[in-house]
Amino acid sequence: MERSIEARRLRIGVVTEPFTKWPLSRFMDWLTSEAPEVTELEVGVGGYALPGHCDMDLLLRDAAARKEWLGHVTARGLEVGALNVSGNPLHPDPQIASRHGADLKNAVRLAAEFGVDRIVAMAGCPAGAGGDITPHFAGGGWLSYLEGITERQWTDHVIPYWTAMAEFARREHPDLLICLELHPGAVAYNVESFERLSGLGRSIAANLDPSHFFWMQMDPIAVVDRLRSRVGYAHAKDVVFSPANLALNGLLDRRWPNPPDQMPWNFAVVGKGHDESWWRRLTEGVIANGSATTIAIEHEDPFVSPEQGIKDAASLLARVLDPSGARD
C-alpha cells in the first residue's frame, strides 16, 4: 500500500497489555493525563496477546457494542493503531492452531469493521516432524538432529498456511497489513526468513521491533533500509546488555527472562540501551522508507514500572519525532 510522506509520519502508540488488570477506560484516562504524547493504542485481541481490553467475539457480533467501544477511545482523542493477535497458528497441537488461526481471521474481520489497517502477529512455528506435539524452532545448527527440518516445515506448513491467510486478508480487508513481528521461535525472525514469507502475499508486512534485533546482533536501521515499504508497523523497545553475564553465558541463556539480574540482556525502556540520536536515526529511516504510521511503546523492562517506563519512552520519542514540539 503506497502512502504519501505526510501519511507516513509516525505517531506514538502504546501496547496496552501491561495494563490489562486495569479497565481500558482507566488506562486511557491515565494515558491522556500522564503520557499525552501517545495518541494510538495497540490492543490485544487473541492468540498469546492478553485480550483484557477488547472482547473480540462481542464486538464482531454487536454493532452497537463496537460503536460504544470505539466511542470511549475516540472521546479521549485516541485511535486504535493496531490489533495484536500474536500467536502460533502453525502449532502442532490442533486445538491451539485452530484457536490461534481463528483469532487471526477474526482480528482481520474486526479490523475491517473498525477501519484499522494494521494487525500485529507472528508467523508461528510448526512441528519438526510428523507426530511431534510441540513446535520446533529450526534456527540452524550443525548437529544432525537440527538439520534438514526447515525446508519440510516451509513446504508442508508455512507456505500453504500463509498463502491462504494472505488471500483471506486481501478478500476481507484489502487495505490491511498483517505485520509479523520478527521474533526468534517463529519461522520468520530475520530478513532472509521474512522476505521468503512476505513473498506469499501483499497483505504480509513486518512489525519492526528493534529489541529482538539488538540481542540477535542485527542492525535495525539496516533492516529498515532493506525491507523499506514492507515495514508496516514498529515497536519501541530497547535492550541493555550485562557484559559480565554475557561473558559467561552468551546471548542464548536458557533461563531468560528470569532472574533478570543474572541475564546477559534484558528488554529496557527506550533510551536506556541506545541513545536519543540512535532512535532519531531509526525513526527517520522508518519515515523515509517504510509504510508504518505508528511506533508503539512496548514496555517489558523488568526493572522499571510500566507507568514510569511508558512516560519516559513517550517523552523521548516525542523529542525524537518533533524536537520543537515535545513536552519539557
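Maximal additional length on extending the Asp132-Ser242 stretch stands at 36.0 nm, based on 0.36 nm per residue less the C-alpha distance. Full extension of the chain between Glu284 and Ala112 yields a length gain of 59.0 nm, computed as 0.36 nm times the residue separation minus the alpha carbon distance.
Taking 15 Å as the straight-line reach from the Cα of Lys67, the aspartates and glutamates in range (excluding those fewer than 8 positions away in the same chain) are Asp55, Asp57, Glu79, Glu113. FRET efficiency for the Glu195 to Leu58 pair, using the beta carbon distance and R₀ = 35 Å, is estimated at 0.40. The residues neighbouring Gln262, those whose beta-carbon lies less than 9 Å from its own, together hold a net charge of -1 under the Lys/Arg +1, Asp/Glu -1 convention. Above 15 Å, the calculated P(r) of the range 1-90 contains 63 percent of its Cα-Cα pairs. Length gained on full extension, Ser33 to Thr74: 13.2 nm, using 0.36 nm per residue less the C-alpha separation. The radius of gyration of the Cα set in the chain, together with its Dmax, comes out at 19.3, 59 angstrom. Annotation for Trp22 and Gln217: the two label points, set 7 Å from Cα along the Cα-Cβ direction, are 4.0 nm apart.
Sort the range 60-160 into rounded, prolate or oblate with this rule: let a ≥ b ≥ c be the square roots of the eigenvalues of the Cα gyration tensor; rounded if a/c is under 1.5, and if a/c is not under 1.5, prolate when a/b is larger than b/c, oblate otherwise. It is prolate, given that a/c is not under 1.5 and a/b is the larger ratio. Could you tell me the convex hull volume per residue, in Å³, taken over the Cα atoms of the range 196-324? It comes to 118 Å³ per residue, whole-number rounded. The lysines whose alpha-carbon is closer than 26 Å to the alpha-carbon of Lys272, local same-chain residues fewer than 8 away aside, are Lys237, Lys311.
On the beta carbon distance between Ser305 and Thr163, with R0 = 35 Å, the FRET formula returns roughly 0.25.
Size descriptor for the range 93-235, Kirkwood hydrodynamic radius: 15.8 Å (Cα pairs only, one decimal). Considering only Gly124, Gly199, Gly148, the Gaussian network model of the chain with Cα springs below 10 Å gives its largest mean-square fluctuation to Gly148.
Here, each number is a calculation from the coordinates, and none is a lab measurement. All values derive from a computational prediction rather than experimental measurement. Reconstructed Cβ throughout: ideal geometry from the backbone, glycine too, with neighbour counts over all protein chains shown.
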